[in-house]
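**Q** My questions will all concern the structure given below.
The values are calculated or read from the model by the stated rules, or taken from the named source; none is laboratory data. Computed from a predicted model, the values in this text were never measured in an experiment. All Cβ positions, even for glycine, are placed from backbone atoms using ideal geometry, and neighbour counts span all protein chains on display.
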Amino acid sequence: MKPFALSKVYQLLEPGPVVLLTTVRRGTANVMAMSWHMMVEFEPPQLACVVSNANYSFGGLRAARECVIAIPASHLAPVVVKVGNSSGCDTDKFAAFGLTKVPSASVTPPLIGECFANLECKVTDTRFVNKYNIFILAVLKAWINPAQKNRKTLHHRGYGKFVIDGRNIKLKSRMR
């Protein structure tokens, strides 16, 4: 064994696929790339996500307490990176990067038409926002696009490196 830089530990524990988070701030929809999130409850589904207070989307999420988590397939990687490398304070990312706003059923922020799944969410707990920028979200409605067959997701490994889902395996489980 040899020492490993603490600044790179997150690369070892990357929590899940890169997603796109949509919010509405002052009546305008915004989208950001996000890879720091995790499930915290199965049913009803709840998740935790980190949205830095340095991100433009932070203000919209904190004020409106609702969002959409859109899950892009790997073919959208170039768009996802462009979204992540720009700010909604000076860019309409939907228009700039060719993303389609689709009306949501239970929240104001839009779904993203190009993503294979979209989760409409409400913020249910903000106790960790001030200290850690962690929002707890309840999924109110979930959408899947059956026409999209390639559902391989993109995972951020840090410093511009990504990995795409590999081969699926099935093992015996007691989960229903």
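**Q** When the residues of the stretch 78-96 are narrowed to those that are among the hydrophobic types (A, V, I, L, M, F, W, C) and more than 13 Å from the chain's Cα centre (by Cα), which ends up farthest from residue 117 (Cα to Cα)?
**A** 89
**Q** Would you pick out the residues in the stretch 83-101 that are of a type outside the set (Gly, Ala, Ser) and either surrounded by fewer than 17 Cβ atoms within 10 Å (Cβ to Cβ) or in contact (Cβ under 8 Å) with a residue 40 or more places away in the chain (or both)?
**A** Going through the stretch 83-101, the residues of a type outside the set (Gly, Ala, Ser) turn out to be 83, 85, 89-94, 97, 99-101.
Hits for the stretch 83-101 are 83, 85, 89, 90, 91, 92, 93, 94, 99, 100, 101.
**Q** At least 1 residues that are in contact with a Phe, Trp or Tyr (Cβ under 8 Å, 6 or more places away or on another chain) in each: list the helices (runs of 4 or more DSSP H) lying fully within the stretch 63-176 that qualify. Explain how you work it out, then say what you get.
**A** Details: elements: 77-84, 93-96, 129-132.
So the answer is 77-84, 129-132.
**Q** Picking from 50, 19, which residue would you name as being modelled with pLDDT of 95 or more and within 16 Å of residue 113 (Cα to Cα)? Please lay out each step first, then the result.
**A** On the way: 50 fails: within 16 Å of residue 113 (Cα to Cα).
The unique qualifying residue is 19.
**Q** For the stretch 1-27, give me the residue count where each residue is crowded, with 16+ Cβ neighbours inside 10 Å and not basic (Lys, Arg).
**A** Looking only at that region, the number is 10.
**Q** Now for a different question. Which residues, counting only those in the stretch 117-138, are more than 22 Å from residue 28 (Cα to Cα) and either surrounded by 21 or more Cβ atoms within 10 Å (Cβ to Cβ) or touching a Cys at 6+ places or on another chain (Cβ under 8 Å) (or both)?
**A** Across the stretch 117-138, the qualifying residues are 134, 138.
**Q** Return the residues of the stretch 21-46 that are of a type in the set (A, V, I, L, M, F, W, C) and in contact with a Ser or Thr (Cβ under 7 Å, 6 or more places away or on another chain); say none if nothing qualifies.
**A** Across the stretch 21-46, the qualifying residues are 21, 24, 29, 31, 32.
For every residue, the table says whether it meets (1) small (Gly, Ala, Ser); (2) within 16 Å of the chain's Cα centre (by Cα); (3) loosely packed, with under 15 Cβ neighbours inside 10 Å; (4) within 18 Å of residue 32 (Cα to Cα).
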site	(1), (2), (3), (4)
103	no, no, yes, yes
111	no, yes, no, yes
114	no, yes, no, yes
149	no, no, yes, no
162	no, yes, no, yes
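**Q** Looking at 80, 107, can you tell me which residue is under 17 Å from residue 25 (Cα atoms), out of contact with any helix residue (DSSP H, G or I) (no Cβ under 7 Å at 6 or more places or on another chain) and either surrounded by 19 or more Cβ atoms within 10 Å (Cβ to Cβ) or among the charged types (D, E, K, R) (or both)?
**A** 107
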